[in-house]
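Comments concern the structure below.
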Amino acid sequence: MTQTENTAIVMRYTNYRESDRMISLFSPVKGRIEANARGCRKPKSPLLNAAEVFALGDFMLYEKAGRYTVTGVQMIESFYPLRLDFDRLTVGTYLMSLCEAVVQPGQGAQELFMLLLHTLSRLTYSDQEWRPLLTGFLMHFSVLSGFRPRLYHCCRCGEEIPDGINAGFDGKSGGLCCLRCKTRGDEALSAPQIRFLRKSLEKPASQWVNSPDMHAPMGVMRRFVEMELGQRITGSKMLPED
Ligand SMILES: [Zn+2]
C-alpha cells in the first residue's frame, strides 16, 4: 500500500437525509476528520463502497468553512471478508471504536494507524485466532496511548516479578502486583498470560498466538484499556469473555 496525504480509513458513519452519510475518518496525518458523503447511499453512487466502516482509500475532500465534503475516493481496501464472520467482525468494529476514542482532529497518529491496518489485515485474511490478536493490539494501543501497563515490577511494592511466576493485575495502580501484595479485588494472571503480554510488545502481530506456554489474557486487557479511556467502547459487550 502506498500511503498518500489523503489516505484514511472510515471508523464510523451516521446516515442522514435520504441518501447521505456523515463519515468519521482516521487519517494517519490529520487525525480524525468528519466529512459529508453526499448521495453515497444511492445504488449508483461512486462513493457507495467508500462510505462503509473499514473502507480504506485515498479520500478527496473539499473544505469550506471548516466543513469537509468527500468529492471522490480511490479505494485501497474494503476488508470485505470480515463481514462473513460474526466474531471477527465484532472485533474489527471494536478496534475502530478504540481508535475513535483516541484519535483527535488535527493530530496525526501514524503508528496507531499502522497497528490498526496490520491487525485488521490479519483479522481479515489470516486464520490467526482473534483473541490473541485483539490482546496484542490492546497492549500496543496502551503503549501508544500513553498508559503502558507495568509488567516487570509490582506496582505496589516495586519488587521484580520474574518470568514463570503468577501475579495479580490492578489497572488502577498501573499493572502487575506480586502475590504478596495481591488483594481480592485484583485480577489474577497466570505466568503464561504474563509471558504473552510481555512478548506481544516484542513480536510482530503474526506471532501473537495462543500457545501452550503463552495464553492471551484478553478480558484483563480490555477492562484495563476501557478503564484508562474512561468510557465503554462500542461493541465491547458483544465480545465473548476470555
Ligand atoms: Zn508487591
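Peptides 55-68, 130-143 ranked from most to least packed by the mean count of surrounding Cβ atoms within 10 Å: 130-143, 55-68. For region 128-238, the solvent-accessible area with a 1.4 angstrom probe is 48 square angstrom per residue. Can you list the residues, at least 5 places off or on another chain, whose amide H is less than 5 Å from the amide H of Tyr68, using H built in the peptide plane? Result for Tyr68 returns Asn36.
Nonpolar atom fraction for region 32-78, defined as the carbon and sulfur part of the 1.4 Å probe accessible area, stands at 49 percent.
Rounded to the nearest 10 degrees, the angle from helix 110-125 to the longest Cα principal axis of the chain is 90 degrees. Between Glu18 and Glu77, the contour length at 0.36 nm per residue exceeds the Cα-Cα span by 18.6 nm. What the phi angles of region 180-187 give under the Karplus curve with 6.51, -1.76 and 1.60, with θ = phi - 60°, is a coupling list of 6, 8, 4, 10, 5, x, 7, 6 Hz, glycine and proline written as x. Pop out the carbon and sulfur fraction of the accessible area of region 128-238 as a percent, whole number, probe 1.4 Å. Answer for region 128-238 is 50 percent, counting heavy atoms of protein chains only.
The values are calculated or read from the model by the stated rules, or taken from the named source; none is laboratory data. Just so you know, these numbers come straight off a predicted model, no measurement behind them. No Cβ is skipped: glycine too gets one built from the backbone with ideal geometry, and neighbour counts run over all protein chains shown. Surface areas here come from the heavy atoms of the whole protein model, side chains and all, with no ligands, DNA or RNA. Shrake-Rupley method; radii C 1.70, N 1.55, O 1.52, S 1.80 Å.
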